[in-house]
Amino acid sequence: MPDNMREYIELINKNLDKFLKITYPQEIFESMRYSVLAEGKRLRPVMCLESCRIFGGKIEDAIPTACAIEMLHAQSLIHDDLPCMDNDDFRRGKPTNHKAFSEATAVLAGDALLTLAPQIIIQQSENLDAQVKIKLVEQYCIAAGAFGLIAGQIVDIQSEGQKISPKTLEFIHTHKTADLFKLALKAGAIIAKADEKIIKAMDDLGQCLGFAFQICDDILDETSSFEKMGKTLGKDKDAQKSTYTALFGVKKARSEVICLLNKAHDIISKNNIKSGILEEIIKGIQERSNS
Ligand code: GRG
């Protein structure tokens with residue numbers, strides 16, 4: 001059983017590689033592998049495995065779902081980088097998928113990941129009963145679709161160049177980013193057969209961590225470098241994107257991150273959760289906000 005972040009990441013990478021074997025037609029699998037296996041932080045799948053462990057489930061039982069969530073995340077990055085969306089040239093330190101392949105292949109690779117993910121949850125989760133799989137796929141669909149990522153993305157696009165309210169910004173950050181954190185933490189708890197009170201607590205924890213993480217991303221877009229982030233920065237300002245820093249400035253953004261991480265700590269202690277991994281993730285977010 002993995003007991004530190006590096007071991008969790010190795011376990012996830014090994015299984016992503018296994019679930020994405022190259023078969024015919026080669027180009028689509030190569031393109032999917034190119035983005036998924038690129039060096040990402042693997043925060044969401046780690047949270048899924050850890051949440052399952054915390055609530056008494058077996059980590060092995062959560063591996064297909066954790067990998068599926070990373071595939072969904074990679075899909076959202078591929079599509080987000082397309083010329084019709086953010087039009088980015090670099091991601092995870094490499095040319096974006098449409099630059100390395102073609103726009104058509106990148107669209108299809110995203111679509112293929114979006115659909116392969118629930119297939120993997122259903123086919124590879126051998127020890128999970130049908131009821132649990134239905135709940136997982138339901139949560140996956142909610143997080144990915146018009147009530148989740150897509151909702152956040154469309155409002156984000158519509159808001160470019162507009163003066164938006166804090167409420168609209170909260171909507172964008174919640175759905176574009178926090179929804180996947182929530183999915184990861186809730187899915188682990190569902191696999192461990194935790195009760196509804198715990199699932200709700202994981203939803204709240206995902207909201208705090210995801211929101212804090214997105215505010216950090218907004219801060220880093222202004223303060224970090226290509227070398228550290230592996231992508232072109234300063235684009236939010238150029239595109240007149242609605243970010244937390246654009247609305248409130250870097251100082252207030254940093255204090256909001258502290259506030260959200262304190263809330264996350266409260267949820268963790270109220271629910272008697274003991275997790276070095278969650279503590280490490282919280283510390284990592286805190287450090288990102290100050291870099
Ligand atoms: C789900 C059908 C469907 C479409 C997706 C394009 C889109 C709709 C949504 C965009 C979502 C998006 C890209 C949000 C940004 C979230 C974010 C902060 C990503 C960076 O996460 P990290 O830093 O990345 O964890 P790594 O590379 O480390 O995994």
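The values are calculated or read from the model by the stated rules, or taken from the named source; none is laboratory data. Quick caveat: nothing in here was measured; it's all calculated off a predicted structure. Heads up, the Cβs are rebuilt from the backbone with ideal geometry, glycines too, and the neighbour counts pull from every protein chain shown. What goes into the accessible areas is simple: the full protein's heavy atoms, side chains included, and nothing from ligands, DNA or RNA. Shrake-Rupley method; radii C 1.70, N 1.55, O 1.52, S 1.80 Å.
General observations
- Qualifying residue in the stretch 216-238 (condition: closer than 30 Å to I134 by Cβ and more than 20 Å from the chain's Cα centre (by Cα)): no
- Some residue of the stretch 13-25 being of a type in the set (S, T, Y) and touching a residue at least 60 places away in the same chain (Cβ under 8 Å): no
- Test: T115 is in contact with a strand residue (DSSP E or B) (Cβ under 7 Å, 6 or more places away or on another chain), within 13 Å of the ligand (Cβ to nearest atom) and of a type in the set (V, I, T): no
- Residue within the stretch 204-217 that is crowded, with 24+ Cβ neighbours inside 10 Å and closer than 23 Å to P118 by Cα present: yes
- Within the stretch 249-275, the set of residues being of a type outside the set (G, A, S) and touching a residue at least 60 places away in the same chain (Cβ under 8 Å) comprises I267, I268, K270, N271, I273, K274.
- Looking across the stretch 1-32 at every residue that is open to solvent by less than 90 Å² (accessible area, probe 1.4 Å) and not in a helix (DSSP H, G or I), the one that is nearest to H73 (Cα to Cα) is identified as L20.
- Within the set L43, L49, the sole residue that is of a type outside the set (D, E), modelled with pLDDT of 95 or more and away from the ligand (no atom under 15 Å from the Cβ) turns out to be L49.
- Restricting attention to the stretch 199-216, the residues that are more than 11 Å from the ligand (Cβ to nearest atom) and farther than 15 Å from H265 by Cα add up to 2.
- Every residue from the stretch 80-110 that is without any contact (Cβ under 8 Å) to a residue 24 or more places away in the chain, surrounded by fewer than 18 Cβ atoms within 10 Å (Cβ to Cβ) and either in contact with a Ser or Thr (Cβ under 8 Å, 6 or more places away or on another chain) or not in a strand (DSSP E or B) (or both): P83, C84, N87, K99, S102, E103, A104
- Selection status of I154, over 21 Å from S51 (Cα atoms), open to solvent by less than 60 Å² (accessible area, probe 1.4 Å), among the β-branched types (V, I, T) and within 13 Å of the ligand (Cβ to nearest atom): no
- Residues satisfying the stated conditions in the stretch 184-202, i.e. within 11 Å of A143 (Cβ to Cβ) and open to solvent by 10 Å² or more (accessible area, probe 1.4 Å): K186
- Qualifying residue in the stretch 215-232 (condition: more than 27 Å from D89 (Cβ to Cβ) and modelled with pLDDT of 95 or more): no
- Failed item, numbered, when A66 is tested on (1) away from the ligand (no atom under 16 Å from the Cβ); (2) among the small types (G, A, S); (3) not in a loop (DSSP other than H, G, I, E, B): (1)
- Options I63, I78; residue that is closer than 24 Å to F226 by Cα and of a type in the set (V, I, T): I78
- Within the stretch 152-177, residues that are closer than 19 Å to F248 by Cα and acidic (D, E) have Cβ atoms under 8 Å from residues that are open to solvent by 50 Å² or more (accessible area, probe 1.4 Å) and more than 9 Å from the ligand (Cβ to nearest atom) in these pairs: E160/Q240, counting only partners at least 6 apart in sequence or on another chain.
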